[in-house]
Amino acid sequence: MKEKLAQIREEAIKQIEAAKSLDQLQAVRVSQLGKKGALTELLKGMKNVAPEDRPKVGQLVNETRGEIEKVLEEAKVKMERLVREAKMKSEVIDVTLPAKKNTMGHRHPNTIALEEVERIFIGMGYEVVEGPEVEKDYYNFEALNIPADHPAKDEQDTFYINSDILLRTQTSSTQVHEMEKGNLPIRMIAPGRVFRADEVDATHSPSFHQVEGLVIDKNVTFADLKGTLAQMAKELFGPETKVKFRPHHFPFTEPSAECDVSCFKCGGKGCRFCKGSGWIEILGCGMVHPHVLEMSGIDPDEYTGFAFGIGLERIALLKYEIDDMRLLYENDIRFLKQF
Ligand code: DAH
């Protein structure tokens, strides 16, 4: 019997020493001391032991059980310490390591240019409004005095959704929405995306941005238009910048003009940048055509107004001396990072 017990003890200790985790230790406890464990089995055989020997044998079994439990407990304490130490080690933070660098986002040149234009006009008391990109033919053409047979309406230029609905080709459509509201006077700029069926090249894209301007009030004159745009040009391109107006034609303005700014690279002497002319064209403008006012319910005898349309990409390209419009749409980080 003694031998048997010594065997069980040895086997148990061997298993305890071999255990590599708390779970494995628990398994040893169950297999050695549990209901189906070797010791319990041994106790079942007590009935074969002479009654006078039973207390002695019982004591021996209990001693062995006690010894195994002690070894188990010690192993458990040691194991728990190891687990704790491993966890601490894995959670250590080395405060001397260099911090991870945040990658900074950059604003797109278009966004910078737009914010600049908005800042200038908000400073002059203008409101910033937005109009829909999907537009009715009426707002994009009809109401802007562009009759059905006008070349701009040719399907080569315009993306039609159906015969009545299209992608706006100009932010001028927003003028009509604002005039229809009837809240006079109006002093607004309307930035936004426009669409034209153009092939992509260094100066064209099927989708680009414009900033529309519209002022309607009593006694607004061409002099107001000139003063406003001269101020804008100075703020946008520097205090020395001059403006020049060339007669032009737009169906929705009369008279109409194109506005040039003196080349901010050479100061007007002529350089590669302004193709030797000293001037750079930046926008179209004019006095709102009386017929356009009338169609939107404004009395042209009481009110007059001026309007202008700026190509936003053109401003961004000029300001940052970018020579290919495609760069603005590729969103190459190496390019965008520079602004
Ligand atoms: N909508 C014109 C275009 O896309 C630009 C323009 C010219 C807008 C004259 C105006 C304006 O408001 O008065 O070419």
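The values are calculated or read from the model by the stated rules, or taken from the named source; none is laboratory data. Since the model is a prediction, treat every value here as computed from it, not as a measurement. Here the Cβ is made from the backbone with ideal geometry for all residues, glycine too, and neighbour counts use every protein chain on show. Keep in mind that these areas ignore ligands, DNA and RNA; they rest on the heavy atoms of the full protein, side chains included. Shrake-Rupley method; radii C 1.70, N 1.55, O 1.52, S 1.80 Å.
With respect to residue 293, is the statement that it is assigned to a helix (DSSP H, G or I) and either more than 16 Å from the ligand (Cβ to nearest atom) or at positive phi (or both) true? When the stated conditions are applied, residue 293 does not pass them. Evaluating residue 310 against the criteria (1) of a type in the set (Val, Ile, Thr); (2) within 13 Å of the ligand (Cβ to nearest atom); (3) open to solvent by 60 Å² or more (accessible area, probe 1.4 Å) leaves one unmet condition, (3).
Among the residues of region 238-253, those that are more than 30 Å from residue 151 (Cβ to Cβ) and either in contact with a Ser or Thr (Cβ under 7 Å, 6 or more places away or on another chain) or in contact (Cβ under 8 Å) with a residue 40 or more places away in the chain (or both) comprise 241, 242.
Taken as a whole, the structure places residue 310 among residues that are part of a strand (DSSP E or B) and either under 27 Å from the mean Cα position of the chain (by Cα) or among the acidic types (Asp, Glu) (or both).
It is to be established whether one or more residues within region 195-211 are more than 30 Å from residue 327 (Cβ to Cβ) and among the hydrophobic types (A, V, I, L, M, F, W, C). No. With respect to the conditions (1) of a type outside the set (Val, Ile, Thr); (2) in a loop (DSSP other than H, G, I, E, B); (3) crowded, with 20+ Cβ neighbours inside 10 Å, residue 266 falls short on a single one, namely (3). Flag set for residue 22, criterion: touching a residue at least 60 places away in the same chain (Cβ under 8 Å) and open to solvent by 50 Å² or more (accessible area, probe 1.4 Å).
Of all residues in region 254-274, exactly one satisfies the criterion of being polar (S, T, N, Q) and farther than 20 Å from residue 151 by Cβ, namely 262.
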